[in-house]
Amino acid sequence: MKTLVRAGLAVVPAAIVAIGLAGAANAQDASLVGIGTKWCNPVIGWTGQVPGGVDARTANGGYVIHQGSYPCPPEAAAPAVAPVAQVQNEYLVFFDWDKSVVTPAADRVIGDAVAAISKSGGARIHVVGHTDSSGSPAYNQRLSIRRADAVKKALVAKGIPAANVTTEGKGEGQLLVQTGPNVREPSNRRAQILPRGVNAPSS
């Protein structure tokens, strides 16, 4: 319990504090008053404005302390807040030649996309499948749709509602690396994961 001293003012001369402390057994060292230490349970003064009073201070701004005062323990540092993953405009996953199976590397990218989208409040996702130029255009169109569907299945398995994911296939119509016909180019065997919605990029 704090000792109350009716000082009339919150600012008290340091000499008065020193005299009062000198005669008190086990009193705090007067030399510590006003030397940067934050004191708990100091003397309370009256200002006539603050209900219950405020901490009384010495002329040099230090705390007015008494026998029951003690240096306040250090305040615990606030726990670090982990940054929220930012949703990217686009996530790319790649496929083996003539395959629509999600590879382990692609699955990790899909996991990153789901984590970021979920933490940002969720969003609708559009998945676009692509192929390279090897094979016929008709076959590649079907393959690109299978790739998009495979990515959607992986997204749903990781917690994205199926209703929030749309898909389409572009076949060999939008090559990432421009090549001639019938070229096996790994960079073109891909699917785009495109987040859409209030908390996701709009382009």
Original post:
Expressed in nm to one decimal, what extension gain is obtained for the pair THR179 and ASN60 from 0.36 nm per residue of sequence separation less their Cα-Cα distance?
Top reply: 34.9 nm
Original post:
What pairs from LYS99/LYS152; LYS119/LYS170; LYS99/LYS170 go past 18 Å between their alpha carbons?
Top reply: LYS119/LYS170
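By its C-alpha gyration tensor, with a ≥ b ≥ c as the square roots of the eigenvalues, how is the stretch 114-196 shaped: rounded for a/c under 1.5, else prolate for a/b larger than b/c, else oblate?
Details: a/c = 3.10, a/b = 2.29, b/c = 1.35.
Prolate, because a/c is 1.5 or more and a/b exceeds b/c.
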**OP:** Search the structure for amide H atoms under 5 Å from the amide H of THR167, placed 1.01 Å from N in the peptide plane, and list their residues when 5 or more places away or on another chain.
**Re:** VAL127
**OP:** Starting from the amide H of GLY135, placed 1.01 Å from N in the peptide plane, find each other amide H under 5 Å away whose residue is 5 or more places distant or on another chain.
**Re:** ASN182
Original post:
Working out 0.36 nm times the residue gap between VAL101 and GLN67, then minus their Cα-Cα distance, what length gain in nm do you get to one decimal?
Top reply: 4.7 nm
Subject >> Built amide H within the under 5 Å cut-off of TYR70, gap 5+ >> reply: CYS40
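Can you put ASP149, ASP96 in order, fewest other beta carbons within 10 Å first?
Arranged by neighbour count, lowest to highest, ASP149, ASP96 become ASP96, ASP149.
Any read-out appearing in this document is the output of simple, stated calculations on the displayed coordinates, not a laboratory observation. Just so we're clear, the structure is a prediction, and the values are computed from it rather than from any experiment. Using ideal geometry, Cβ is built from the backbone for each residue, glycine included, and neighbour counts are taken over all protein chains shown.
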